[in-house]
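*Asks:* Okay, handing you the structure first.
The values are calculated or read from the model by the stated rules, or taken from the named source; none is laboratory data. None of the values given here were measured: they were computed from a predicted structure. When we count neighbours, we look across all protein chains shown, and the Cβ atoms used for this are built from the backbone with ideal geometry, even at glycine.
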């Protein structure tokens, strides 16, 4: 991890994300067993840039549970995908800032007012807590969904990529730091939104791994070549008989 010394007048943060050039892997730890989460975090820590804790863990243990895992001194991606009216999301983001994450998610389909409220709330709370503002990342289309699924919920598009690009553009214009998308849309998002826009990519599966419930997938190396900044990888690491070795092998494949 790249250590950055904080000037006494600058906001500080316990967890600084690893530079993508060194390690873009975020290990998704999806469990309601806090001891298992801590054990996994300790095992993969030397081989990943960050860990991801999501809704399943957060509902079970809250911010106190998150802090127990991040006490392992590993950067945190808090993936709660907030989606509600602007005031409610703003309040949720303020609370989530206290968890010490360097990055968190909201749903970009919540609209521009909601996204702007989230960014503003994150900035205000970061100043209040004297920490760096976490990146606010907009979820576009879940990697478990395809064009048929979108039509079922009333989104009339001819292909999934159109909806992803539409939401990515909306997220950028709303002040978000980046988006979550499948690896299949990364090249177009990078072309449309520029190099400084962060792209977080789930649906990443090493060669030979099961796709599980993901429908739009790619190998880690191909996702990086396409322009992803962060690769969210869960079961290929956490369900391995040796999670540390699995993470190390994925890193070496890049």
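*Asks:* Can you tell me how many residues in the range 153-176 are in contact (Cβ under 8 Å) with a residue 40 or more places away in the chain, crowded, with 20+ Cβ neighbours inside 10 Å and within 20 Å of residue 115 (Cβ to Cβ)?
*Replies:* Qualifying residue count for the region: 5.
*Asks:* Can you tell me which of 35, 3, 19 is out of contact with any strand residue (DSSP E or B) (no Cβ under 8 Å at 6 or more places or on another chain) and at pLDDT 95 or above?
*Replies:* Residue meeting the stated conditions: 35.
*Asks:* Return yes or no: is residue 102 closer than 19 Å to residue 142 by Cα and crowded, with 19+ Cβ neighbours inside 10 Å?
*Replies:* no
*Asks:* Could you give me the residue pairs with C-beta distances under 6 Å whose first residue belongs to the range 135-152 and is at pLDDT 95 or above, whose second residue is part of a loop (DSSP other than H, G, I, E, B) and surrounded by 14 or more Cβ atoms within 10 Å (Cβ to Cβ) wherever it lies, and which are 6+ apart or on separate chains?
*Replies:* So the pair list comes out as 135/177; 136/176; 136/177; 138/176; 140/181.
*Asks:* What's the total number of residues in the range 103-129 that are at pLDDT 95 or above and farther than 22 Å from residue 169 by Cα?
*Replies:* 5
*Asks:* Would you check which residues across the range 181-223 are buried (at least 18 other Cβ atoms within 10 Å of the Cβ), touching a helix residue (DSSP H, G or I) at 6+ places or on another chain (Cβ under 9 Å) and either part of a helix (DSSP H, G or I) or modelled with pLDDT of 90 or more (or both) and list them?
*Replies:* Once the filter is applied, which keeps residues that are buried (at least 18 other Cβ atoms within 10 Å of the Cβ), touching a helix residue (DSSP H, G or I) at 6+ places or on another chain (Cβ under 9 Å) and either part of a helix (DSSP H, G or I) or modelled with pLDDT of 90 or more (or both), the range 181-223 yields 181, 183, 184, 185, 186, 189, 193, 197, 199, 201, 220, 223.
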